[in-house]
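Only one structure is covered here, and it is reproduced in the block below.
The values are calculated or read from the model by the stated rules, or taken from the named source; none is laboratory data. Small disclaimer: the values here were computed from a predicted structure and weren't measured. So basically every Cβ, Gly included, is an ideal-geometry build from the backbone, and we count neighbours across all protein chains shown.
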Amino acid sequence: MPYLQLTLPCTEALQPRVERALEDVGALAVTLQDAHLDAADEQAIFEPGVGELPLWDEMTLTALFPDDTDALVLLAALEAFDPGLTWHKARFEKVEDQDWERAWLDLFQPMRFGARTWIVPWDHALPDGADTPDAAVVRLDPGLAFGSGTHPTTALCLRWLDGLAACGELQGKTVLDFGCGSGILALAALKLGAAAAVGIDNDPQAITATADNALRNGVAIQVATPQDAPAGTYPVVVANILASALDALAEVLAARTAPGGRLAMSGILAGQEDELLARFAPWFDALQIAREDDWVRVDGVRNTRPVGP
């Protein structure tokens with residue numbers, strides 16, 4: 001059935017008030033997107049840090065109402081609910097029903113990262129180059145979790161894993177994917193030669209997506225929440241979350257990385273890397289960065305210094 005869609009530019013500071021007003025006047029659904037990106041860009045879907053809801057300074061807020069809603073009456077109700085807000089930039093249009101949360105997947109195509117790694121939608125045929133015995137092919141359905149390879153942060157981590165495999169540093173290792181999302185990084189590690197993988201995430205949708213994708217790829221991933229994660233250290237750790245979460249979890253990630261082990265972190269905007277380099281320097285040597293567009297990956301080697309005071 002069709003809906004009346006309201007679209008409105010919004011700032012992070014005003015977002016709670018605007019969303020509360022929309023819900024009070026009967027919005028069926030409210031979604032947020034980075035104002036500077038197209039709806040199909042995966043930057044509009046962040047994997048939050050533990051207990052965090054990441055937002056952008058400027059965003060586009062979209063709300064759906066029943067098709068028979070009168071736009072003028074709706075605007076009057078919104079102005080009455082919170083006179084301190086302005087609604088003159090609101091746009092209205094009639095839209096047809098669809099699976100909004102998955103519509104962007106129509107644009108999801110096979111992608112190559114590094115020498116061997118391929119991310120291929122589960123229902124697509126293998127492209128040329130992905131049908132060779134040496135190709136590490138991940139068949140993926142992200143579901144509603146972050147991680148399809150289309151975002152630079154994921155791409156940076158996939159190329160890092162591909163590079164480790166090329167140097168023989170993944171073969172037979174156990175990999176920890178902290179903030180696993182769809183499971184894409186853990187899956188790629190297994191396809192590239194890792195012996196085992198553990199995925200940790202605080203989002204139930206990510207737990208489901210990772211388990212489903214592991215089954216789809218014929219591999220096993222142990223998936224858990226941060227509270228229920230298995231104890232131990234890992235020779236390879238990857239964390240594609242957000243800079244603020246990486247900062248908060250620095251001691252946790254350091255404690256999880258075995259001495260001599262490798263850590264890669266992304267979800268870091270350009271300009272945020274210096275603080276993280278300083279934050280992780282007590283426990284990691286050979287720290288270096290890689291960039292793609294406005295995003296950064298930081299990786300290094302765990303030294304033998306203990307975590308904590």
Checklist outcome for this item: When every residue in the range 102-122 that is under 27 Å from Thr31 (Cα atoms) and of a type in the set (D, E, K, R) is compared, the one modelled with the lowest pLDDT is Arg102
Item to check | Near pairs, Cβ below 7 angstrom, 6+ apart or cross-chain, from the range 223-246 (more than 26 Å from Leu277 (Cα to Cα)) to any residue that is modelled with pLDDT under 95 and part of a helix (DSSP H, G or I) | outcome: Val223/Ile207; Val223/Thr210; Val223/Ala211
Next on the checklist: Tell me whether the range 258-281 contains one or more residues that are surrounded by 17 or more Cβ atoms within 10 Å (Cβ to Cβ), in the same structural domain as Gly179 (by TED's automatic domain parsing), in a helix (DSSP H, G or I) and among the aromatic types (Phe, Trp, Tyr).
Outcome noted: yes
Item to check | Count of the range 1-19 residues which are surrounded by 14 or more Cβ atoms within 10 Å (Cβ to Cβ) and without any contact (Cβ under 8 Å) to a residue 40 or more places away in the chain | outcome: 0
Next on the checklist: Just checking, does the range 65-85 include any residue being at pLDDT below 85 and either β-branched (Val, Ile, Thr) or surrounded by 14 or more Cβ atoms within 10 Å (Cβ to Cβ) (or both)?
Outcome noted: no
Checklist entry - All but one of (1) buried (at least 24 other Cβ atoms within 10 Å of the Cβ); (2) in a loop (DSSP other than H, G, I, E, B); (3) not charged (D, E, K, R) hold for Ala197; which doesn't? => result (2)
Checklist outcome for this item: Residues of the range 282-294 being closer than 20 Å to Leu185 by Cβ and buried (at least 21 other Cβ atoms within 10 Å of the Cβ), in sequence order, are Phe284
Checklist entry - Taking the range 154-184 as the search range and keeping residues that are surrounded by fewer than 24 Cβ atoms within 10 Å (Cβ to Cβ) and among the small types (Gly, Ala, Ser), which one is farthest from Pro235 (Cα to Cα)? => result Ala155
Next on the checklist: Can you confirm whether Leu37 is outside the structural domain of Pro152 (by TED's automatic domain parsing), modelled with pLDDT of 90 or more and either part of a strand (DSSP E or B) or not basic (Lys, Arg) (or both)?
Outcome noted: no
Checklist outcome for this item: Contact list, first residue from the range 271-295 and small (Gly, Ala, Ser), second anywhere and surrounded by 12 or more Cβ atoms within 10 Å (Cβ to Cβ) and assigned to a helix (DSSP H, G or I), beta-carbon distance below 6 Å, six or more apart or interchain, is Ala290/Leu156
Next on the checklist: Condition (residue is over 19 Å from Trp295 (Cβ atoms), free of Cβ contacts under 8 Å to residues at least 12 places away in the same chain and not in a helix (DSSP H, G or I)) applied to the range 167-180: is it met by at least one residue?
Outcome noted: yes
Next on the checklist: Taking the condition of being in a loop (DSSP other than H, G, I, E, B) and surrounded by fewer than 18 Cβ atoms within 10 Å (Cβ to Cβ), how many residues in the range 204-235 meet it?
Outcome noted: 7
